[in-house]
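Step one of this worksheet: look at the structure below.
Bear in mind that the values in this text are calculations on the coordinates, not laboratory data. If you're wondering where the values come from, they're calculated on a predicted model, not measured in any experiment. A quick note on method: Cβ atoms are made from the backbone with ideal geometry, for glycine too, and the neighbour counts reach across all protein chains shown.
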Amino acid sequence: MKIHLQTIINVCLAVSVTFLIYQNNQLKDELRVENMYEGIALNDLQAKVEKTEVLLNSTIEVLEEWSTVIDNSLVDIEYNTKNIEILESNSDILFRDRDKLIESANLQKDYINDINKRFSALVDTLSEMYK
């Protein structure tokens, strides 16, 4: 009975070891497949990262170009704003001077009208004197 019991234990151990070896091989195969898929996924991921880097670099270049354009535009805007301020100042001076000239012209017109009236009166007086 002891020998039979030993044989049964040996067979059970052999079956267990065989099962463990089989299970270990299955796990290794699964691991290889997973690693293979991970390698493929890693390659795909790396390709996506490279594409993203290319897009990012081109986006950075475009943003730098736009930054330069905006900076130049801001300089132009500042220059134009200063020119507008100078124009407004000159316009104020011109309108003030125009108003003074109009006032002076009106005074001259009044003075000329007065001279014309006096001249007419003088002519009338002289005409009556020599009649």
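Points to keep in mind about this one:
- Computed extension length for residue 99-residue 68: 6.6 nm, one decimal, from 0.36 nm per residue of separation with the Cα-Cα distance subtracted.
- Of 77, 54, 91, farthest towards positive along the dipole that unit charges on Lys, Arg, Asp, Glu beta carbons give the chain: 54
- Cβ-placed point charges (K, R +1; D, E -1), dipole of the range 34-131 about Cα centre in debye, nearest 20: 1320
- Taking Cα centre as origin and charging only the Cβ of basic (Lys, Arg, +1) and acidic (Asp, Glu, -1) residues, the dipole magnitude of the range 81-120 rounds to 240 debye.
- Between residue 112 and residue 89, the modelled label-to-label distance comes to 3.6 nm, taking each label 7 Å out from Cα in the direction of the beta carbon.
- If R0 is 41 Å, the Cβ-Cβ spacing of residue 29 and residue 57 corresponds to a FRET efficiency of close to 0.45.
- Here Rg and Dmax of the Cα atoms in Å was computed from the coordinates, and among (1) 20.7, 77; (2) 54.1, 183; (3) 14.4, 45 the match is (2).
- Bridgeable aspartates and glutamates around residue 109 (alpha carbons under 16 Å apart, same-chain partners fewer than 8 residues away excluded): 99.
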